[in-house]
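Readers should treat all values here as calculations from the given coordinates under stated rules, not as data from a laboratory. None of these values were measured; they are calculated from a predicted model. Note that we place each Cβ from the backbone using ideal geometry, even for glycine, and neighbour counts take in every protein chain shown.
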């Protein structure tokens, strides 16, 4: 799935080599699959958690120079997840405190 690939790519880009990236998945009571990608990377200020899903948004001006990217990846993820009938959101306690990106998608059939 493209969403998982983009979220993993971001987690790896923003986490130092000695850090961790963890993927978890579980069904919830609403018959949705919830996937979480957690990292120990650079984190996001809490007041910016929704803005990271805006097109062309980048957390800081130097970000483009230090890790590359166009600022479209998370906006694309949001569109895909919404089209699938799910939700996507981010959590972070702030700079240098890691991030968690969550998304849900409807479960179909047996998993």
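What FRET efficiency comes out for residue 107 versus residue 5 if R0 is 30 angstrom and r is the Cβ-Cβ distance? Round to the nearest 0.05.
Result of the calculation: an efficiency of 0.90.
Starting from the 7 Å offset along Cα-to-Cβ, what nm value, one decimal, do you get for the label separation of residue 75 and residue 96?
Using points 7 Å along Cα→Cβ, the separation is 3.1 nm.
Put a dot 7 Å past each Cα toward the Cβ at residue 48 and residue 23; how far apart are the dots in nm?
2.6 nm
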